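Following: one structure in structure tokens, then a few remarks.
The values are calculated or read from the model by the stated rules, or taken from the named source; none is laboratory data. Computed from a prediction, not measured in an experiment: that's the story for all the values here. Every residue, glycine among them, receives a Cβ derived from its backbone with ideal geometry; neighbour counts consider all protein chains shown.
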Amino acid sequence: GETVITADMVDSLIKRHAPMCMRNLHEQLEEKHHLRHYARLQYNLFLKELGLPIEEALIFWRRSFSGITDDKFNKEYRYNIRHGYGLEGRRLNYPAKSCARILTQDQPGPQDNHGCPFRHFSPQNLSSALSRHYSLSVNEQSEILSAVKQGHYHVGCTRLFELTHSKLGVKKGEGLGNGESVSHPNRYFERSWSKFR
Ligand code: SF4
């Protein structure tokens, strides 16, 4: 059955199980206490699909945007977050963005944090983000960087999944399971989390 996810659980779940795109958004949010529109959109829908209920999402976002008043939060952000949950406006049930959408739509500018690190980070930034978050060997890291250099972003992401789950028995070529490569951040998260449950 579905596990109820609370605002308090988000930090450790993301750090353990989320793909790089979402770890990056989470980290930027922690650091700046703010995310711009498309970054919020990408992360909010991801968290929704992960199973974070709206009440917990509002707690999570309110806490994260710690530099502003309740009034400003309610006026400028609450509606947007609820909108993502299909509770405002036309009440559409927006799906979380797939890798294909993240890679091709709403290209991030220099001030933005949304997008896919494999696709949108400079080689230097990607390399330093990989070193900061994961303990990969030099060879493992260059394997990922060379896939990215050839434009195979999902290959880089899938290989990172394999390497960071190798202690749990995931082998090269297995991907998310049966050779499936990463095509959606939520599938990455679910497969990772399922290995610990
Ligand atoms: Fe996220 Fe997909 Fe990029 Fe992986 S390939 S970091 S899941 S957008």
Exercise. Has region 131-142 got at least one residue that is touching a Lys or Arg at 6+ places or on another chain (Cβ under 8 Å) and within 20 Å of Ile14 (Cβ to Cβ)?
Worked result: yes
Seminar exercise, completed: When region 63-102 is checked residue by residue, the ones that are in a loop (DSSP other than H, G, I, E, B) and under 22 Å from Glu30 (Cβ atoms) are Phe65, Ser66, Gly67, Ile68, Thr69, Ala96, Lys97
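Is region 133-144 home to any residue that is under 21 Å from Glu49 (Cβ atoms) and at pLDDT 95 or above?
Checked against the condition, which is being under 21 Å from Glu49 (Cβ atoms) and at pLDDT 95 or above, region 133-144 yields no hits at all.
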Exercise. Can you find a residue in region 120-138 that is among the hydrophobic types (A, V, I, L, M, F, W, C), out of contact with any Asp or Glu (no Cβ under 7 Å at 6 or more places or on another chain) and over 22 Å from His17 (Cβ atoms)?
Worked result: yes
Exercise. Filter region 1-37 for residues that are more than 23 Å from Arg78 (Cα to Cα) and surrounded by fewer than 16 Cβ atoms within 10 Å (Cβ to Cβ); which is nearest to the chain's Cα centre (by Cα)?
Worked result: Lys15
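Quick check on my filter: what residues within region 103-119 are farther than 11 Å from Met20 by Cβ and touching a residue at least 12 places away in the same chain (Cβ under 8 Å)?
Leu103, Asp106, Gln107, Pro108, Gln111, Asp112, Asn113, His114
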For this session: For region 120-133, name all the residues that are within 15 Å of the chain's Cα centre (by Cα) and touching a residue at least 24 places away in the same chain (Cβ under 8 Å).
Result: Ala129, Leu130, His133
Exercise. Just to be sure, is Ala100 among the hydrophobic types (A, V, I, L, M, F, W, C), within 16 Å of the ligand (Cβ to nearest atom) and surrounded by fewer than 18 Cβ atoms within 10 Å (Cβ to Cβ)?
Worked result: yes
For this session: Considering only region 34-91, state which residues are farther than 20 Å from Ile102 by Cβ, in contact with a helix residue (DSSP H, G or I) (Cβ under 8 Å, 6 or more places away or on another chain) and of a type in the set (S, T, N, Q).
Result: Ser64
Problem set entry | Pair list, Cβ < 7 Å and 6+ apart or interchain, from region 134-162 residues that are without any contact (Cβ under 8 Å) to a residue 40 or more places away in the chain and surrounded by fewer than 17 Cβ atoms within 10 Å (Cβ to Cβ) to residues that are polar (S, T, N, Q) and part of a helix (DSSP H, G or I) | Tyr134/Thr164; Leu145/Ser127
Seminar exercise, completed: Condition set in contact with a helix residue (DSSP H, G or I) (Cβ under 6 Å, 6 or more places away or on another chain) and within 13 Å of the ligand (Cβ to nearest atom), scope region 135-153, selection nearest to Ser122 (Cα to Cα): answer is Val148
Problem set entry | Hits in region 23-57 (condition: in a helix (DSSP H, G or I), more than 17 Å from Phe189 (Cβ to Cβ) and without any contact (Cβ under 8 Å) to a residue 60 or more places away in the chain) | Glu30, Glu31, Lys32, His37, Arg40, Ile54, Glu55
For this session: Would you confirm whether any residue within region 116-132 is within 13 Å of the ligand (Cβ to nearest atom), part of a loop (DSSP other than H, G, I, E, B) and out of contact with any strand residue (DSSP E or B) (no Cβ under 9 Å at 6 or more places or on another chain)?
Result: yes
For this session: Please enumerate the residues belonging to region 3-15 that are of a type outside the set (A, V, I, L, M, F, W, C) and at pLDDT below 95.
Result: Thr3
